[in-house]
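Undergrad: To start, I am sharing the structure in question, which I have written as structure tokens.
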Amino acid sequence: MRVVHYLNQFYGRLGGEEAAGTPLRMMDGALGPGVRLNELLAASDAAVVATLVCGDNFPSEQPETFRSGVRQAFEALHPDVVVAGPAFNAGRYGLASAQVCEIARQLGTPSVTAMHVENPAVSLHRRDLVIVPTTATASGMQTALSTLARLAVHLAKREPLGPPWVDGYLPHGFRRVELRDAPAAERALNMLAARLRGESFQTEIPLPEITRVEPAAPVADLKTARLAIVSTSALVPHGNPDKLRQSYSTEWRQYSLDGLSALEPGQWESIHGGYDTSAANTNPHLVVPLDALRALEGSAYGQLHPAYFVTAGVGTPVSAAQRMGGEIAAELLKAGVQGVILTAT
Amino acid sequence: MSAELERRGLPTAMISALPPVALELGANRVVRGVKIPHPCGDPTLDAATDRLLRQRIVCAALDGLSRSISEPTMFEPG
């Protein structure tokens with residue numbers, strides 16, 4: 001099986017940054033890390049027949065020349081699979097490698113590349129290309145080459161790849177229905193048992209990364225502080241005049257509490273799609289405690305900010321919640337608010 | 001949202017009926033609420049008792065706002 005390898009100027013032994021403008025060139029056989037790749041491929045009757053080497057800056061400085069050069073090389077060499085990199089955390093190299101794989105894909109040739117998960121090329125191409133995750137530096141070269149060789153052979157033979165966690169590439173984000181060997185209840189209990197025993201287990205649903213925020217400094221002087229109410233309960237004036245969405249909300253609204261010492265049922269309603277709103281509609285204070293805040297105003301704390309901020313916290317994308325939090329924070333800071341009471345449902 | 005408010009320098013006391021979830025997901029000051037549909041009180045109580053409960057919850061929130069904390073902290077209504 002014929003393999004074509006793509007390297008940048010550094011791994012292609014042409015020099016460092018000073019050689020970053022080197023135009024695309026084709027060399028016979030394997031070079032640099034390709035030599036080891038070639039050894040690994042030999043066991044499967046595959047070989048690196050040629051290596052494309054290009055300076056890191058050339059693909060972005062001369063994109064048309066680069067692309068047509070790569071395409072012509074593939075048409076002349078007719079590889080069974082193309083391997084690009086590993087690029088590790090080198091951004092230009094990663095982007096070029098991804099482009100090389102894209103061109104191969106357009107010609108109907110399988111391809112595989114390898115780079116660190118934070119390489120900018122990953123977020124642009126992870127759904128379309130087979131990308132092997134690597135260390136950030138070349139310390140992981142040997143592992144990367146082994147995985148590249150293994151996947152290159154599979155791809156050259158046009159064998160379908162196994163799931164990402166088995167075959168060692170970045171997930172494409174597709175869901176496929178497949179039959180498991182045990183029912184879900186059994187799998188869940190096995191995971192739980194492993195967890196209780198302190199053993200490792202593989203979750204089936206990876207949870208998103210939560211970044212912790214350093215707690216803000218406390219309110220300096222509560223007795224004089226201006227505080228504001230924010231709520232995700234979707235309590236809005238009756239009739240929802242500004243049409244706050246009941247779920248998947250990405251917007252917030254503000255309403256005036258000026259002069260109000262209580263929230264009259266009938267004048268407010270919760271339009272939240274995710275909880276039973278009957279209690280809140282009968283007594284809005286159960287989700288927005290205005291009565292208690294008014295009772296404590298001027299004694300336990302300074303004043304209640306007259307604007308109340310609300311959204312519907314159901315199915316809200318985290319990014320939207322962050323944006324809304326930021327926008328509301330800007331309003332509150334402008335108004336001299338020093339602390340927030342946020343009610344969640 | 002509470003994480004973002006705190007990030008901008010606004011101490012935020014979150015009244016939530018699911019404090020472990022709130023704490024896990026990045027809220028720093030969390031007050032235990034009663035139940036999801038009514039975190040700030042209990043409609044099964046008579047009006048006066050419910051109001052007292054609400055005051056205790058709000059006071060816990062005020063307490064949370066005025067305390068210096070180094071990590072996500074739960075505040076129980078007294």
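Undergrad: How many residues does the stretch B:39-55 hold that are in contact (Cβ under 8 Å) with a residue 12 or more places away in the chain and at the interface with chain A (Cβ under 7 Å from one of its Cβ atoms)?
TA: Summing the residues that are in contact (Cβ under 8 Å) with a residue 12 or more places away in the chain and at the interface with chain A (Cβ under 7 Å from one of its Cβ atoms) in the stretch B:39-55 gives 4.
Undergrad: With respect to A:Ser270, is the statement that it is at the interface with chain B (Cβ under 10 Å from one of its Cβ atoms), in contact (Cβ under 8 Å) with a residue 24 or more places away in the chain, out of contact with any Pro (no Cβ under 7 Å at 6 or more places or on another chain) and surrounded by 22 or more Cβ atoms within 10 Å (Cβ to Cβ) true?
TA: yes
Undergrad: Output the residues belonging to the stretch A:182-224 that are in a loop (DSSP other than H, G, I, E, B), under 30 Å from A:Ser256 (Cβ atoms) and out of contact with any helix residue (DSSP H, G or I) (no Cβ under 8 Å at 6 or more places or on another chain).
TA: A:Ala217, A:Ala220, A:Asp221
Undergrad: Let me ask another. Would you mind finding the one in A:Val48, A:Val132, A:Val35 that is surrounded by fewer than 19 Cβ atoms within 10 Å (Cβ to Cβ), aliphatic (A, V, I, L, M) and either outside any loop (DSSP other than H, G, I, E, B) or assigned by TED's automatic domain parsing to the domain that holds A:Pro160 (or both)?
TA: Just one listed residue meets the conditions, A:Val35.
Undergrad: Does A:Val288 fit the bill of being modelled with pLDDT of 90 or more, within 33 Å of the chain's Cα centre (by Cα) and either at the interface with chain B (Cβ under 10 Å from one of its Cβ atoms) or under 17 Å from B:Ser16 (Cα atoms) (or both)?
TA: Criteria not met by A:Val288.
Undergrad: To continue, here is another question. Of the residues that sit in the stretch A:173-213 and are in contact with an Asp or Glu (Cβ under 8 Å, 6 or more places away or on another chain) and closer than 30 Å to B:Glu4 by Cα, which one is surrounded by the most Cβ atoms within 10 Å (Cβ to Cβ)?
TA: Looking at residues that are in contact with an Asp or Glu (Cβ under 8 Å, 6 or more places away or on another chain) and closer than 30 Å to B:Glu4 by Cα, I get A:Val213.
Undergrad: Follow-up. A:Ser256 is checked against (1) surrounded by fewer than 16 Cβ atoms within 10 Å (Cβ to Cβ); (2) away from chain B (no Cβ under 11 Å); (3) under 25 Å from B:Pro43 (Cβ atoms); (4) of a type in the set (Ser, Thr, Tyr) and fails just one. What number does that condition carry?
TA: (3)
Undergrad: A further question follows. Could you run through the stretch A:53-77 and say how many residues are of a type in the set (A, V, I, L, M, F, W, C), in contact (Cβ under 8 Å) with a residue 24 or more places away in the chain and in a helix (DSSP H, G or I)?
TA: Here the count works out to 6.
Undergrad: What single numbered condition from (1) more than 7 Å from every other protein chain (Cβ to nearest Cβ); (2) assigned to a helix (DSSP H, G or I); (3) touching a helix residue (DSSP H, G or I) at 6+ places or on another chain (Cβ under 8 Å) fails to hold for B:Val58?
TA: Among (1) more than 7 Å from every other protein chain (Cβ to nearest Cβ); (2) assigned to a helix (DSSP H, G or I); (3) touching a helix residue (DSSP H, G or I) at 6+ places or on another chain (Cβ under 8 Å), the lone unmet condition for B:Val58 is (1).
Undergrad: Counting only residues that are of a type in the set (Ser, Thr, Tyr) and outside any loop (DSSP other than H, G, I, E, B), which one in the stretch B:61-78 is nearest to the other protein chains (Cβ to nearest Cβ)?
TA: Checked the stretch B:61-78; the qualifying residue nearest to the other protein chains (Cβ to nearest Cβ) is B:Ser66.
Undergrad: Identify, from the list A:Asp276, A:Asp242, the residue that is within 10 Å of chain B (Cβ to nearest Cβ) and free of Cβ contacts under 8 Å to residues at least 24 places away in the same chain.
TA: The unique qualifying residue is A:Asp276.
Undergrad: Now for a different question. Being under 21 Å from A:Val35 (Cα atoms) and at pLDDT below 95 is true for just one of A:Ala90, A:Ala84, A:Ala121. Which residue is that?
TA: It is A:Ala90.
The values are calculated or read from the model by the stated rules, or taken from the named source; none is laboratory data. Fair warning: this is a prediction, and the values are worked out from it, not measured in the lab. When we count neighbours, we look across all protein chains shown, and the Cβ atoms used for this are built from the backbone with ideal geometry, even at glycine.
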